[in-house]
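First the structure, in the form of structure tokens, and then the observations on it.
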Amino acid sequence: MTETSTRAPSGETTSARAVGAHAADAPLEALEVQRRAVGPKDVRIDIRFCGICHSDIHFTRGEWGDVPYPAVPGHEIAGVVAEVGREVTKFAPGDRVGVGCMVDSCRECENCQAGDEQYCIPGNTQTYGSTDRDGTITYGGYSDHVVVDEDFVLRIPDGLELDAAAPLLCAGVTTYSPLRHWEAGPGTRVAVVGLGGLGHLAVKIAKAMGAEVIVLSQSLRKKDDGLRLGADGYYATSDKATFKELRGSLDLIINTVSAGVDIGRILNLLKKDGTLVNVGAPPEPLPVPAFGLIMQRRSFAGSLIGSIRETQEMLDFCAEHGIAAEIEVIPASQVNEAWERVLKSDVRYRFVIDSSTL
């Protein structure tokens with residue numbers, strides 16, 4: 001693989017309108033960033049909508065480590081192709097497309113060769129905050145356009161509206177991937193911990209796969225929503241009776257919460273050989289009691305987004321089954337308020353920025 005075949009000549013850039021932060025404790029504000037010009041294998045996408053993910057907040061506020069400021073987050077990008085490079089074969093101007101959490105990988109390691117670019121051993125290139133192959137820092141989808149290698153662009157099926165499809169590029173595939181990998185389907189009993197941006201999609205997808213679906217939430221406040229979205233049961237983790245009633249009854253649990261939870265109590269809800277998969281990314285470690293694992297040969301696992309192939313599969317699956325995110329569309333001027341509401345779990349269930357307001 002040669003860098004020169006996929007990049008515009010060094011130094012060529014275009015200006016993009018964006019929203020970002022200059023420091024961990026600074027509010028988001030309008031700013032201008034530079035995008036590389038379209039190279040031979042590149043696709044320039046006019047962004048129409050971008051979802052707000054809890055990861056955007058963790059990253060921009062420095063909760064996961066050092067940040068190259070200014071930071072422009074956003075990895076749930078939906079838009080329309082505006083321009084393609086001369087060697088592009090997969091897309092044409094006018095195509096409805098999306099970009100998720102990564103925009104490149106080494107493509108040469110064992111995991112990349114197996115089609116699992118999200119687990120690239122040297123590390124994939126994240127949509128924002130990564131050093132790209134040309135040495136520049138990547139900026140995310142809180143912007144009016146983006147330039148991405150065609151191999152990391154997804155096609156959004158006509159059956160999905162762009163605004164409601166945007167969160168599928170992260171929240172959708174983050175839950176679809178473990179559900180597919182651990183074979184959720186008829187005859188399996190699946191629990192989803194947390195009914196938020198990820199959790200509400202996990203419920204829809206698991207139900208469409210044919211599984212019996214249980215929601216585990218702190219309270220019953222969202223019970224009606226959970227049942228409407230497809231859950232067969234809804235339980236409060238604040239109620240001790242929940243852990244008695246469900247003990248040893250679940251095949252698979254997807255923990256979507258990006259905060260501390262009692263892993264030991266949740267592990268005890270699994271059957272023998274059951275698996276608890278963590279997809280939430282809290283800033284603090286999660287203690288895992290050994291006896292909760294070894295007594296019933298249970299597994300505690302993690303799962304990171306999904307590959308490009310898997311993400312396209314997920315988009316097609318969602319279009320086929322009429323699955324989309326439950327969204328609240330906001331103008332760019334309301335991003336700071338939206339972030340504060342995300343931290344308070346005050347959204348049902350994903351904020352999406354209307355990029356035309358930038």
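The values are calculated or read from the model by the stated rules, or taken from the named source; none is laboratory data. Bear in mind the structure is a predicted one, so any value in this text is a computation, not a measurement. Backbone-built Cβ (ideal geometry, glycine too); neighbour counts: all protein chains shown.
Looking only at residues in region 333-350 that are over 15 Å from Ala30 (Cα atoms) and more than 18 Å from the chain's Cα centre (by Cα), the one that is surrounded by the fewest Cβ atoms within 10 Å (Cβ to Cβ) is Lys344. Take Val215 and tell me if it is assigned by TED's automatic domain parsing to the domain that holds Val190, surrounded by 16 or more Cβ atoms within 10 Å (Cβ to Cβ) and farther than 20 Å from Thr188 by Cα. Against the criterion (assigned by TED's automatic domain parsing to the domain that holds Val190, surrounded by 16 or more Cβ atoms within 10 Å (Cβ to Cβ) and farther than 20 Å from Thr188 by Cα), Val215 does not qualify.
Candidates Glu150, Glu161: the one that is surrounded by fewer than 21 Cβ atoms within 10 Å (Cβ to Cβ), of a type in the set (Asp, Glu), modelled with pLDDT of 95 or more and farther than 27 Å from Gly199 by Cβ is Glu150. Does region 42-50 include one or more residues that are part of a loop (DSSP other than H, G, I, E, B) and either at pLDDT 95 or above or surrounded by fewer than 22 Cβ atoms within 10 Å (Cβ to Cβ) (or both)? Scanning region 42-50, I find no residue that is part of a loop (DSSP other than H, G, I, E, B) and either at pLDDT 95 or above or surrounded by fewer than 22 Cβ atoms within 10 Å (Cβ to Cβ) (or both), so the answer is no.
Just to confirm my filter: which strands (runs of 3 or more DSSP E) fall fully inside region 51-148 and include at least 2 residues that are under 16 Å from the mean Cα position of the chain (by Cα) and outside the structural domain of Glu161 (by TED's automatic domain parsing)?
Details: elements: 77-84, 96-99, 102-104.
Filter on region 51-148 gives an empty set.
The set of residues in region 197-235 that are charged (D, E, K, R), over 20 Å from Leu343 (Cα atoms) and touching a Leu at 6+ places or on another chain (Cβ under 7 Å) contains only Lys204. Quick one: which of Val103, Val99 is under 15 Å from Ala166 (Cα atoms), buried (at least 23 other Cβ atoms within 10 Å of the Cβ) and out of contact with any Cys (no Cβ under 6 Å at 6 or more places or on another chain)? So the residue among Val103, Val99 that is under 15 Å from Ala166 (Cα atoms), buried (at least 23 other Cβ atoms within 10 Å of the Cβ) and out of contact with any Cys (no Cβ under 6 Å at 6 or more places or on another chain) is Val99.
Just one of Gly79, Gly94, Gly115 is buried (at least 21 other Cβ atoms within 10 Å of the Cβ) and modelled with pLDDT of 95 or more; which is it?
Gly79
No other residue among Ile330, Ile353 is surrounded by 15 or more Cβ atoms within 10 Å (Cβ to Cβ), among the hydrophobic types (A, V, I, L, M, F, W, C) and without any contact (Cβ under 8 Å) to a residue 60 or more places away in the chain apart from Ile330. The lone criterion from (1) touching a Ser or Thr at 6+ places or on another chain (Cβ under 9 Å); (2) among the β-branched types (Val, Ile, Thr); (3) closer than 23 Å to Arg350 by Cβ left unmet by Ile266 is number (3).
When you go through (1) buried (at least 20 other Cβ atoms within 10 Å of the Cβ); (2) in contact with a strand residue (DSSP E or B) (Cβ under 8 Å, 6 or more places away or on another chain); (3) at pLDDT 95 or above one by one for Gly233, which number turns out not to apply? Status for Gly233: all satisfied but (1). Residues that are assigned to a helix (DSSP H, G or I), buried (at least 22 other Cβ atoms within 10 Å of the Cβ) and modelled with pLDDT of 95 or more are absent from region 269-292.
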